[in-house]
Amino acid sequence: MGPHSCKDCLHARIMASNGYPTAGSAAKPLVHHSPPCESVNSMPWFGMDIGGTLSKLVYFEPKDRTRDEADAEVETLKNIRRYLVKNSSYGKTGHRDTHLQMDNVSIRGRRGTLHFIRFPTSEMGNFLALAKSKGMANLVTTVCATGGGAFKFEENFKREVNMSLAKFDELDSLIRGMLYIETTNPHECYYWLHPTCDIRCRKVPFDFSEPYPFLVVNVGSGVSVLAVYGPNSYKRISGTSLGGGTFLGLCCLLTGCNTFEEAIDLATGGDNTRVDKLIKDIYGGDYDRFGLPGDLVASSFLGVYSFGQMNSKERRNAVSKEDLARATLVTITNNIGSIARMCAVNEKIDRVVFVGNFLRVNPISMKLLASAMDYWSKDTMKALFLEHEGYFGAVGCLLQFNGNTS
């Protein structure tokens, strides 16, 4: 862990990398070659990360408005602000994560509050209809956006609400957003102590003031693994298509659930050992020669579909939806953890930061990842987590916007 005294230096470097002036230097604007849109100072300010499964929206609410600004503020803008900050739910599927709200933060030289909102990407049509009904099209001509959906839905935004999308690279946005929030929120980074013990397990703050190098494992619909060496130095080194979207899709097929929250609830009450084949099911105990504990999964779902502990129809019928959901979650998580550890070993990096909305309301996976990193690395690697999980891309693209579309 690095000393806290370095935090201010790191914060200055991160702010400078995001285009903010530092002491003794002038801000260097980002260079774009596309037509300018509305003034960078026009309100409201939004950043969107439109993923394959979930869309994340951050809204900056200024708190330093002058009397002249307040008097000049149009009624539509007042109504939009009241609607966003006075509610925690929007329709049936939109939610504001009030516990993640960040007060007294600085964005583009203004001070205010960041609000964090999410909704299923499948509800994009309803989101645009809501934006239109609230009069947003009369105020906002450009929305900062990242993720694949920034390209997929670009024409929908233009056609339905006459909005342009200022698009930013999703991995650039992820890193910028991560570093900004981590340096702004003193309690952002943590790890799980005693992750396998229900009684002793607890979250412990981690000092991330000297972060480099570190690995980022971004678990959304799929997974990307990045090695980060500095604020503007990183590379994508691996990934997998088996991510949060896989977990949700398989759970819907196997259990009939409809949402991520339902899938996690089912998994919480399930037992994957009724579905998976463990080392001890094959060896009768531990496989000592290679240090494989008996309760380690040897083959996911083998117990159900092959010769083994669940080879009869009667035994298969004894498996519950909860067991299937738990086995699915363990399968996906173990695969992510295995890839992350191999990447960390190859890059000689000992800090692995797991982010993404797959980890939202999902302590099961976080504890599995933490225990796997501790065990297989013999405590030489640390699995780290961040409170704002899947919102970093949305924050990162908002930070980069300078009044031009890209």
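The values are calculated or read from the model by the stated rules, or taken from the named source; none is laboratory data. Because the structure is a prediction, the values reported are computed rather than measured. Every residue, glycine among them, receives a Cβ derived from its backbone with ideal geometry; neighbour counts consider all protein chains shown. Remember, those area values only see protein heavy atoms, side chains included, never the ligands or the DNA or RNA. Shrake-Rupley method; radii C 1.70, N 1.55, O 1.52, S 1.80 Å.
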Could you tell me which of the residues Gly125, Gly91, Gly135, Gly147 is of a type in the set (Gly, Ala, Ser) and touching an Asp or Glu at 6+ places or on another chain (Cβ under 6 Å)?
-> Gly147
Can you name every residue in the range 56-72 that is surrounded by 11 or more Cβ atoms within 10 Å (Cβ to Cβ) and among the charged types (D, E, K, R)?
-> Lys56, Glu61, Lys63, Asp64, Arg65, Glu69
Of the residues in the range 73-122, those that are in contact with a strand residue (DSSP E or B) (Cβ under 8 Å, 6 or more places away or on another chain), open to solvent by less than 50 Å² (accessible area, probe 1.4 Å) and acidic (Asp, Glu) number 1
Test set (1) in contact with a helix residue (DSSP H, G or I) (Cβ under 9 Å, 6 or more places away or on another chain); (2) under 20 Å from Val395 (Cα atoms) - Ser233 fails condition number | (1)
